[in-house]
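Structure first, commentary second.
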Amino acid sequence: MNESVETIMITDLITLGPESTVEEVSDIFKSKNIHHIPVIDKGILIGMVTTFDMWKIKSTTDEYSKILVKTIMTKKLAKLEPDDKIGTAAELFLVNRFHAIPVVKDGLLVGLVTTFDILRYGFRKEYPDPILFKDVLDKGLDAVHH
């Protein structure tokens, strides 16, 4: 847990801008099987939209094309730096009970760490050569787990 989060963070991120629509969010969540989308403006992290944010919307799906991401995104975020420790991320997850933390450097979004990344890290430490889950751990999980 003393390695830096940059060793396990997702770097191939799907992001949106504040003027994106909730319809776009819904489409991404469905097609990419992810649960968190960082919202950036000129590379600067300004928020995060999650499946929980979508759940809180009191509108019908027909109205999603008229609702902007900036109106539903979470703006108050915990953030990590690339050289922060994996243990720090784990502690933030345990204390706050959220499931993704953006990683920023000089204000710019450079990655995302999820609870799945922490579980995979711990599993690989304990079972460096798994048999049953090898395919799951080695395939492009970045696109399916955050």
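The values are calculated or read from the model by the stated rules, or taken from the named source; none is laboratory data. All of these numbers come straight from a predicted model, not from anything done at the bench. All Cβ positions, even for glycine, are placed from backbone atoms using ideal geometry, and neighbour counts span all protein chains on display.
Within segment 64-82, being closer than 20 Å to P18 by Cβ, in contact (Cβ under 8 Å) with a residue 24 or more places away in the chain and not in a loop (DSSP other than H, G, I, E, B) holds for Y64, S65, K66, L68, V69, K70, T74.
Only residues that are surrounded by 12 or more Cβ atoms within 10 Å (Cβ to Cβ) and either at pLDDT 60 or above or assigned to a strand (DSSP E or B) (or both) were counted across segment 109-146, and they come to 19. Considering only residues in segment 83-97 that are closer than 21 Å to F52 by Cα and touching a residue at least 40 places away in the same chain (Cβ under 8 Å), the one that is surrounded by the fewest Cβ atoms within 10 Å (Cβ to Cβ) turns out to be A90. Evaluate segment 31-41: report whether one residue or more is loosely packed, with under 12 Cβ neighbours inside 10 Å, of a type in the set (A, V, I, L, M, F, W, C) and either assigned to a helix (DSSP H, G or I) or at pLDDT below 95 (or both). Checking segment 31-41: not a single residue is loosely packed, with under 12 Cβ neighbours inside 10 Å, of a type in the set (A, V, I, L, M, F, W, C) and either assigned to a helix (DSSP H, G or I) or at pLDDT below 95 (or both). When L68 is tested against the conditions (1) under 17 Å from E3 (Cβ atoms); (2) at pLDDT 95 or above, the lone failure is (1).
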